[in-house]
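What follows is a set of notes on a single structure, which appears directly below.
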Protein chains: 2
Amino acid sequence: MKEGPDIALIGSLIGDPARANMLTALTGGKALTATELAGTAGITLQTASSHLSKLEAGGLIAQRKQGRHRYFTLADDDVGLMIEGLMGFAAYRGFTRHRTGPKDPALRKARVCYNHLAGDYGVRVLDSLVAEEVIAGVGDKLQLTKSGEGKITALGIDLAALVKSRRPVCRTCLDWSERRSHLSGSLGQALLTLFLDKGWAKREPDSRAVRFTGTGEKEFAKLFPLPTPSTVERFNQHTVEA
Amino acid sequence: MKEGPDIALIGSLIGDPARANMLTALTGGKALTATELAGTAGITLQTASSHLSKLEAGGLIAQRKQGRHRYFTLADDDVGLMIEGLMGFAAYRGFTRHRTGPKDPALRKARVCYNHLAGDYGVRVLDSLVAEEVIAGVGDKLQLTKSGEGKITALGIDLAALVKSRRPVCRTCLDWSERRSHLSGSLGQALLTLFLDKGWAKREPDSRAVRFTGTGEKEFAKLFPLPTPSTVERFNQHTVEA
DNA sequence: CGGATGCTTCGATGATGATCGAAGTATGAA
DNA sequence: TTCATACTTCGATCATCATCGAAGCATCCG
C-alpha cells in the first residue's frame, strides 16, 4: 500500500527502552546533559551518545552547547504532545513498567508536561477557563475570548508577547492520567511559569511531579474554581457518555 | 526514572515497517485476512502470522474467525486514534515514504479513518456541526446540543442506539493531512455509514480513499455548508495564530 | 474420504542494532 | 602546560528478531 506518512520510523525511535526512557525524562521539560540522560536510562555514556544522535537525526530532540556541556531538550511542543499522547494510550492499556510506585499519586495530581502543567490540576485549569468563558472553541482549535484577554493580562502575563511568539497560544494536550485534555500552547507554558515564579508551586528535584505550597493551593483554588453546576449546565445539554 | 507508562512497548510494535504497514492498512477500517495483510506488507504468510500474533498480544489488533479465514481489525477506536495521531506527527515532520503519489490528493480530500470520515471533508463535517451548534464543547469533551439532537435524528440516525452503545458519541480525532480535528466516535461512524448507505460516496477498492458521487457532493454541501463569516465570528473574538 | 485453501508452528539463517571498552576530541580549570 | 571533565567515534561482541522454507493443523468442498 505505502500510503500516508511513515510511522515506523518514529515507532522504532521510541521503541527502544533506553530511548523511551530518555524521551520520558525530557518530557519533564528540563534540559538535560548526555550524562544525566545516560543515568536515567541506565546505560553508559557511549551508548547514550549513540541514541541521542539518532533521536536528533530523527528530529525528536535538539541540543544546545554550553561550555563543555551539551544540553538536550525535546525538539518542540509537538514532540511533547505526541509522547504524552502515547503515554495516555499506554496507560489506558495497562502498560505500566512500575507497579504504581509511591510517586504515582503526586504525578497524577500535578506534573510538568514538557513546558506546561498536566495531571488533575492541569485538567482543572482548562475546565475552569472554559467554564468562565476565558477560552472557547472546539477540538484543537481553542481561542481566547475578548473577556478572557483581560483576565489573563490581569494575572501579569504579557499576552502580546505570547501572540508574537508564532506558536499557538492555546492548545489541547491529552492527559495520560486523566484521559482528558489540559491546556498547552504558549499560554499553558506562561501559566506554569507563573505558578513557579510566584512560589505557589515547586518542581520535585528528579521527577516530573509538581508540588503546590499551602498558599499556592489557596491561590490556585481561587483562580481556577471547580466548574459550578450552572456553568457546567451550559455544556451538558445532552449526556454523551453512557 | 521509570516513571509513567511504557511507551517503548508500543513504539517497538509500530517500529517494524511490516507491522506499521499492516496497521496502516487496518486503519482503512475493513477487516482483512492474514494473506491480504501479508500482501500489503510485502512479506510471506509465515512472517505476517508472526507479526499479527505480536500485535494481538500487544492489544493493538483483534481477530475474528470465520470459516477458514481469520479477519483482523484494529482492537478498538483508541488504536485508530493513536495511529492517526502518529501519522499527523510524521506527516508534519515530512516523514513520508511515497513521494506524494497520484492517490495522495484523493486521500487528503476524503478518506476512511478506521470507521469515520477524515481529510478535508471530515474536518468540514465537524466545523459545520460546530458552527450550526449541533455540537458544543472544548477539547476532547464534545457534546451534542439539544437542538442538534433533532438535526441528527432527521438524518435518519438512531441516536438512542448510539448513546446505548457505551462508546463516546462525539469525539475528536486529529487529522494528519489537515492538522485539524475531525469528528470521531459513534456519531462519526454513523455519519460515514450514512454517506455510504445513501450511495453518496464509495470506498476505493484498495485504498483508504473515499470518492463522492455527483449527487453525493451536492447533498454533502447542503448538509455541511462551509461556516459563514457570521458563525465563524462567534469563535474568533481573538486571533490566536500569528 | 481425498484434496485444496488458510493459517500457524518450528527451525535455521542472516542482518540489524544495542552495548560497552578503548581511544580520540573539545572545553574548562589549575 | 597539564590535568580533568564532557562527550564522540571506532571497533568488536553479542543478542534480538525479522525472514522464509518446511511441516503441521484446521476448515471447507466435492
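I'd like the FRET efficiency for A:Ala154 and A:Glu217, computed as 1/(1 + (r/R0)^6) with the beta carbon distance as r and R0 of 30 Å, rounded to 0.05. According to the calculation, E is roughly 0.90.
Computed from the alpha carbon positions, the gyration tensor of segment B:128-223 leads to an equivalent ellipsoid with semi-axes of 22, 17, 14 Å, biggest first. Beyond 27 Å, how much of the Cα-Cα pair distribution for chain B remains, as a whole percent? Counting every Cα pair in chain B, those more than 27 Å apart make up 40 percent.
Sequence gap at least 6, Cα distance under 8 Å: using those rules, report the relative contact order of chain B to the nearest whole percent. Averaging sequence separation for qualifying contacts and normalising by length gives 17 percent for chain B. Within the set A:Lys30/A:Lys198; A:Lys141/B:Lys222; A:Lys141/A:Lys222; B:Lys151/B:Lys198; A:Lys222/B:Lys141; A:Lys146/B:Lys109, which residue pairs have Cα atoms separated by over 29 Å? Beyond 29 Å between Cα atoms: A:Lys146/B:Lys109.
Distances, shortest first, from the label point of A:Gln66 to those at the same position in the other copies read 5.9 nm; the point lies 7 Å along Cα to C-beta.
Shortest first, B:Gly214 label-point distances to identical copies amount to 7.8 nm, with the label point at 7 Å from Cα along Cα→Cβ. Assuming R0 = 22 Å, can you tell me the calculated FRET efficiency for the pair A:Thr47 and A:Glu204, based on Cβ-Cβ distance, to the nearest 0.05? Efficiency at R0 = 22 Å is approximately 0.25. Remark on A:Gly28: its backbone amide H falls under 5 Å from those of A:Tyr114, a criterion applied only to residues 5 or more positions apart or on other chains, H modelled at 1.01 Å from N. Comparing Cα centroids, segment A:119-179 and segment A:199-225 end up 18 angstrom apart.
Residue and distance for the chain A Cβ closest to the axis that moves A onto B, in whole Å, come to A:Gly15, 2.
Peptide A:79-86 has a mean shielding of 5, counted as Cβ atoms of other protein chains within 10 Å of each residue's Cβ. For A:Arg171, the residues 5 or more places off, or on other chains, whose built amide H falls under 5 Å of its own are A:Ser184, A:Gly185, A:Gly188.
Exposure proxy for A:Ile157, B:Ile10: other Cβ atoms within 10 Å of each Cβ, ordered fewest to most, give A:Ile157, B:Ile10. Would you mind telling me which residue in B:Ser186, B:Ser177, B:Ser147 has the biggest mean-square fluctuation in a Gaussian network model of chain B, where springs connect alpha carbons within a distance under 10 angstrom? Of B:Ser186, B:Ser177, B:Ser147, the Gaussian network model singles out B:Ser147 as fluctuating most.
Counting beta carbons within 10 Å around each of B:Ser207, B:Ser184 and listing the fewest first gives the order B:Ser207, B:Ser184. Per-residue Cβ neighbour counts within 10 Å put A:Tyr114, B:Tyr71 in the sequence B:Tyr71, A:Tyr114, beginning with the fewest. Here A:Ser50 yields copy-to-copy label distances, from shortest upward, of 2.3 nm, the label point defined as 7 Å from Cα along Cα to C-beta.
Think of it as helices only: each DSSP H run of n ≥ 4 in chain A is worth -39500 (n - 2.57), and spread over all residues that comes to -14500 deg cm²/dmol at 222 nm. Shape verdict for the protein assembly as shown, please, from the Cα gyration tensor: rounded (a/c under 1.5), prolate (a/b greater than b/c) or oblate. It is oblate, given that a/c is not under 1.5 and a/b is not larger than b/c.
Bear in mind these aren't lab numbers, they're just calculated from the coordinates by the rules spelled out. On a predicted model such as this, the values are computed, not experimentally measured, just so you know. Methodologically, a virtual Cβ is constructed for each residue, glycine included, from the backbone with ideal geometry; neighbour enumeration extends over all protein chains shown.
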